[in-house]
Amino acid sequence: MNPATWHAERAIVGGAVVADVAITVEGGSITGVAGQVPPPDGARRLGGLTIPGLVNAHSHAFHRAMRGWVERRGADFWGWRAAMYAVASRLVPGSGHCRVLRDGALGYHRRR
């Protein structure tokens, strides 16, 4: 697979804003980042500020714990919302309802 190259006008690199950043990607992974360089031939131009990808680590563990609750009780949105916050406040990492993964993301698993 041929590498793809982008050239960012500015990018956050190592916690600082750096100008003229070349970013090389091979096989879906970033393989090179170089700041204060002219645009490489064929590079796709990225205007403005380029930031690193952000991980979405939120959880819906309470949905699994509440499955069927609204249907059984006939609650409206506000009843469901109140119950959801009550369930979410009782979820404790490692309790059997949820666990903290090594990367810090909250994940759900069933009790055995």
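Computed from the coordinates by the stated procedures, all read-outs in this text should not be read as laboratory data. Keep in mind that what you see is a predicted model, and the values were worked out from it rather than measured. Here the Cβ is made from the backbone with ideal geometry for all residues, glycine too, and neighbour counts use every protein chain on show.
Quick notes on this structure:
- Likely footprinting exposure, Phe77, Phe62, fewest C-beta neighbours within 10 Å first: Phe77, Phe62
- Taking a Cβ cut-off of under 15 Å around Trp69, the surrounding Lys, Arg, Asp and Glu residues balance to a net charge of +4, with basic ones at +1 and acidic ones at -1.
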